[in-house]
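For reference, the structure discussed in these notes is given below.
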Amino acid sequence: MINVAIKAARTAGAIINRAALDVEAVRVSQKQVNDFVTEVDRASEHAIIDTLLNAYPGHGIHAEESGREHGARDSEYVWIIDPLDGTTNFIHGFPVYCVSIALAVRGKIEQAVIYDPGRNDLFTATRGRGAYLNDRRLRVSKRTRLTDCLISTGFPFRPGDNFPNYLAMLGELMPRCAGLRRPGSAALDLAYVAAGYTDGFFETGLQPWDVAAGSLLVTEAGGLVGNLTGEADFLDHKECLAGNPRVYGQLVGLLGKYSKFAPAGQKAQVAQKAAAIAAAQPAESEAPGEAG
């Protein structure tokens, strides 16, 4: 099954690489404000689904663009697909994006492939058999002090997202770590935690196809992954936190109170902090140069 997933990912990667040669010619539409989809996303997803269902016609499909309209509806085997994670990067020619494919068996992720077509980097994992990058075994970093750590994240970008809450989270981490990065592809962010390139990752507003494959890479590389409060059953929680074991614990301690699953008392404290941050921001009607 992992070999079929690799074949599907490489087929999709070839479509993406061809389109990247003339990215300005790619047709782009918006699913909602700041949430883009391209003909490349759809072609990539179609190629992945064809490859998977040709090999396993009885399996289910859960894909970003087509949902569950393909494959079997009642199968214990479900492929979770993001055909182009980092679409906004792709349409700007910013070379951080990937294909993400995971297989869930009875609700548990068992196989994972993340393919970066621009770098030809292939991340793979099978439950109980480790995580790999181009056949090299992966291990999470060994850093233990947050002050030495590089942490990746993703910024909120949709209308209605809680921007003050996220600014408060950044305020917790910025003084305490060596650096924060926002590459723009959650799947690659998780793969980079597994590879030890970064020491931790957190983001909210995520869907299962953003994190399914990457979560298995992290755990098979010796790391931990869950929601912001540290719950391991996080796939449908729309929030994710990952890191090496020591860093993960410290991040849960700092960010857990910002989780929608945090105790009510902690949520009230966070709401007060977020309200103070929001009050300090300029009004939306104040364009640069027009204030007061």
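The table for this structure:
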read-out: Filtered residue count, the stretch 164-189, keeping only those that are within 18 Å of residue 228 (Cα to Cα), part of a helix (DSSP H, G or I) and of a type in the set (A, V, I, L, M); value: 7
read-out: Test for residue 124: is it in contact with a strand residue (DSSP E or B) (Cβ under 9 Å, 6 or more places away or on another chain), assigned by TED's automatic domain parsing to the domain that holds residue 220 and of a type in the set (Val, Ile, Thr); value: no
read-out: Residue in the stretch 260-282 that is surrounded by fewer than 20 Cβ atoms within 10 Å (Cβ to Cβ), modelled with pLDDT of 95 or more and touching an Asp or Glu at 6+ places or on another chain (Cβ under 8 Å) present; value: no
read-out: Boolean, residue 151 is within 17 Å of residue 38 (Cα to Cα) and buried (at least 23 other Cβ atoms within 10 Å of the Cβ); value: no
read-out: Filtered residue count, the stretch 208-253, keeping only those that are in contact (Cβ under 8 Å) with a residue 40 or more places away in the chain, surrounded by fewer than 24 Cβ atoms within 10 Å (Cβ to Cβ) and of a type in the set (Gly, Ala, Ser); value: 1
read-out: Qualifying residue in the stretch 136-145 (condition: of a type outside the set (Lys, Arg), surrounded by fewer than 19 Cβ atoms within 10 Å (Cβ to Cβ), under 17 Å from residue 218 (Cα atoms) and in contact with a helix residue (DSSP H, G or I) (Cβ under 8 Å, 6 or more places away or on another chain)); value: yes
read-out: Which listed residue, of 134, 162, is closer than 25 Å to residue 103 by Cβ, of a type in the set (S, T, N, Q) and under 21 Å from the mean Cα position of the chain (by Cα); value: 134
read-out: Count - residues of the stretch 87-108 that are under 15 Å from the mean Cα position of the chain (by Cα) and surrounded by fewer than 24 Cβ atoms within 10 Å (Cβ to Cβ); value: 4
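The values are calculated or read from the model by the stated rules, or taken from the named source; none is laboratory data. In this text, all values refer to a predicted model and were calculated from it rather than measured experimentally. So basically every Cβ, Gly included, is an ideal-geometry build from the backbone, and we count neighbours across all protein chains shown.
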